[in-house]
1. For chain A, report the % of Cα-Cα distances exceeding 27 Å.
2. Over all residues in B:103-114, what is the mean tally of Cβ atoms on other chains that come within 10 Å of each residue's Cβ?
3. Within the protein assembly as shown, what percent of beta bridges assigned by DSSP are antiparallel, to the nearest 5?
4. Where the only charges are on Cβ atoms (+1 Lys, Arg; -1 Asp, Glu), what is the dipole of the range C:38-314 about its Cα centre, to the nearest 20 debye?
5. Where q = 0.14, 0.22 Å⁻¹, what log10 of I(q)/I(0) comes from the Debye formula for the range C:223-307, counting one point per Cα?
6. What span do the alpha-carbon atoms of the range B:98-216 cover on each of the three principal axes, reported in whole Å from largest to smallest?
7. Out of A:L236, C:G242, C:F67, whose Cα points farthest toward the positive end of the dipole of the protein assembly as shown (charges: +1 Lys, Arg; -1 Asp, Glu; placed on Cβ)?
8. In square nanometres, what is one fourth of the surface area of the convex hull spanned by the alpha carbons of the range A:1-125?
Amino acid sequence: MNQTRSLLTLNHLSVAYRTSRGAVQAVQDLDLSVPAGRSVGLVGESGSGKSTIAAAILRLLPENAAITGGSIAFNGVDLATLSDAELNRTWRWREIAMVFQKSLAALSPVNRIHDQLNDILRQHEPALREAERDARLSDLLRAVHLSDRVLHSYPFELSGGMMQRTMIALGLLCNPPFLILDEATTALDVITQAQILREVNRLKQEYNLTALIISHDVGVINATTDAVAVLYAGQLMEVAPKRRFFAAPAHPYSRALIASVPRLSGPRQRLAAIPGNLPDLLDPPPGCRFAPRCPYVTPRCSTAVPPLYDLGDGQFVRCVLFESRPIAHPAEETMA
Amino acid sequence: MSAISPAPLLDVTALRRLFPIRRSFADVLTRRSHAVHAVDAVSFTLNPGEILALVGESGCGKSTTGRLIVRLDTATSGAIRFRGHDVTHLGSAALKQFRRQAQIIFQNPFEAFDSRQTIAASLQQVLHIHDIGTQQERQARIVAALAGAGIVPAGDFLSRYPHELSGGQLQRIATVRVMLLEPNLLIADEPVSMLDVSVRAEILNQLLDLRGSRQMAIVFITHDIAVARYMADRIAVMYLGAFAEIGPVDDVIENPQHPYTKALLSHTLPIGDEVIGEPLEIPGDPPTPIDLGVGCRFADRCPFAFERCRMETPRLQPVDPRRQVACHLMDD
Amino acid sequence: MPYSTRVFACADWKGVSVSVPESIALPQAAISRRSTRLRDAGRLFLESRYGVIGVALLLVVLMAALFAPLIAPSGPFDISAAKFIRPGDAAHPLGTDHLGRDVLSQIVYGARLSLAVGLVAAGISGIVGVLIGSVAGYYGGWIDLLLGRITDMFLIIPAFFLIIVVVATLGSNLLYVMVIIGLTSWPANARLMRSQALTLRERTFVQALIALGESRPRILTRHIIPNGIQPIVANSTLQIAGAILLEAGLSFLGLGDPNQSSWGRLIYEGRSYIVTAWWPSVFAGIAIVVTVMAFYLIGDGLAYVLNPRTRKVGS
């Protein structure tokens, strides 16, 4: 595959939360790059740190959380060092837009959609005339297959699917090159979710978007991404091109994750449950955080966090089972 | 047919639940009343040890159907027969007896327990309600039930409060709680949709094992057809309060007949290199089922709708002995 | 909750308010939940600061009431003939009134009366309010309708006026005052409890208990009331303060129980001499202010603890 320029590169990123019971390292030493024009999926369960990563990129972490190490390079600029004002002026929304699971809360319930979108557009593009703004809004809604009628509605009058479409339109308002979808279709019904994901794929082409798609659902990841990054309890366990990931997952957790999802076709065999629970992040297991639940666990798993091993073809895995393979160096790390 | 098939455990006939909508002043003057048809003429039977999946999108009435069966809600009309007895309007004493045999587990395990009670107190309470066993027997029963569900050492969990446990643990304990009553029928209302992917399989397997060991019948309510396929013997697809089709799970999934089933299946996200096929496009969102008139509920979104679909409500009709579909296309 | 849809914080920029899902805020599932809720509540209460000040003030008043005989230089009605209207000195730290009674003694004994009025009245109000509100909210239907109408009726009775009428016809008696305040102030509690019960009865754990066969009275008394009572507890602190003020007001109008030492009456009797002898009225006034403030501050602290928002962010 072509080596493409990386638009977003996370280098040794660590994020910690301060809680009343101690510090929680929600993201530990994470390396990840998202090449321009591609879309990368972050898959993980609750507490895996996937949403924390999204919040860290836009520097929208809650007050009790902080980036404790590493860098967030976006187009060569380290977002981790910028001020809030700088981020607002040039980065948030203009360069990186984000759609959350429950977007209704982002809009005021007492104003019509049109007035709210119009206000936001005016803030960002003060030069546009009223008519131009209206045309732009109509175009955006058409891009997400919504009629102009939506503009004259209040947020609560829209269905969940229409609301998420509106939020995607809002995300595209300033033509950002980078879009983050954080569980954006999780609360939606099956058909609506599939329709919106297909539109996301189309918009990625049309607007030449680079995307980071965060989900707990491997089906969503499969439908929208080129490459998959698997997170478990704050550690990046595996990175692989999508096909590789589904056909030949390397990390025991990746394998267990894929094996635990019921399928619509194929033999109906008993699902292999992953025994145990997610670790307590206040007191995480030393070394590999999946070790306590891993069927292949060795004593060495608990001595140190294993490095990422390079399996070739863009697949990297953090597991001692692959220690015969070369260790990947983040600086050279690229993804398919 | 009835001569060979066993007597059904559960027999639901023409079950209806209408939720009246507050009337406006104009409605009062014109004597109109409006209602949401949450469940509209649902009929099915369930045999002992059988698992029936109710599948559909949010608002299709699948949860209301489950709640009606265990009498958490009362049907507007229709009948629910359990082992031949009509349980639709049981009085409180008989209802309590019925509840020993028909139980329900819910979607949100974090909400299933009184947060002020320890797990032990919550489990004890169930045996106390139905006056089962002495104090020591109860304790032993509870420990055995927890151990049976793989929750060991049980003593570690008994003194805990719900907020100290994970979702997967709570859902397993919620299942243990209802199993203390040894019911013959369990309504499982989206029991894994709030859980982490890695612990879902554990709950699903627990339910399958209970069916196997206790011949317990399950009405498994889910929005996820793949989960329904894994769990169920038969599957009923619901749309706007009514069954679109019902039949053996493999038949329905491999050869869907109703256009809505086709749409639902073709929009299920594949995993890996699974092939799902071209999506059957249907426009819009499901409307709210207010004051449904005649005609097929799905007609407005159905790509195959023709005149008759808007004139006449299709009834569930057998297309083969085990399979029923509510669609006028079947008549051709 | 893994895929929670609740939203906890909003960052605002250029008109786009972006809500961060709660799941980001805390990987809750992954955090040990072993700490007890009581300890959390205690920590939050300490954090609220106002609550702590309130408790400290209340402790002072409580001590005064409990140990009145030890603190007071004399009995509240003991007359020291030689000392009419004297300012504070060693024997009478807060001075004496026009009958030569020690002001400090009257104030510490008055604390007993004020606390008793407040606690009994708020207690009656709380018990009646919780019972009526929870039954109305949980049972719903015609019971709710009926209890709702009764609640409305009590809501429009002016407590102060009713007490004046009762005192005027039956004579002044502390018991009447306490009972009437209690019986006229419960509707606020009933409304709070009703809305609590309405929410709680739809909660999954209550639905589960119904399905498990638990009886309605037991669900009401063992689950609905214990889980829904917190706002009534917070409200009761305010009601205690209100009752104390009401009693003081009555006494100030000369309608108090003449056999009890009361702060309100101290002000009432002192007002004729206020130009020459300010101390009986002023010190009694300070006592009222401190006590009422103590309860308000405690209410504030409790509201902070019970607010789900502070609970989340604080943990």
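No lab work stands behind these numbers, since they all come straight from the coordinates. No experiment lies behind these values; they were computed from the predicted model shown. Backbone-built Cβ (ideal geometry, glycine too); neighbour counts: all protein chains shown.
1. Details: 26401 of 56280 pairs.
Cα-Cα pairs of chain A separated by over 27 Å account for 47 percent.
2. On the way: counts 4, 5, 3, 5, 1, 4, 2, 7, 7, 6, 4, 12.
Whole-number average of other-chain Cβ neighbours for B:103-114 is 5.
3. Numbers: 68 of 105 bridges.
Taking every DSSP beta bridge with both residues in the protein assembly as shown, the antiparallel ones total about 65 percent.
4. On the way: 20 positive and 14 negative charges, 172 e Å.
With only Lys, Arg, Asp and Glu charged at Cβ, the dipole is about 820 debye.
5. -0.58, -0.95
6. 39, 32, 22 Å, listed from the longest principal axis down.
7. Comparing the listed Cα positions along the dipole, C:F67 ranks first.
8. 10.0 nm²
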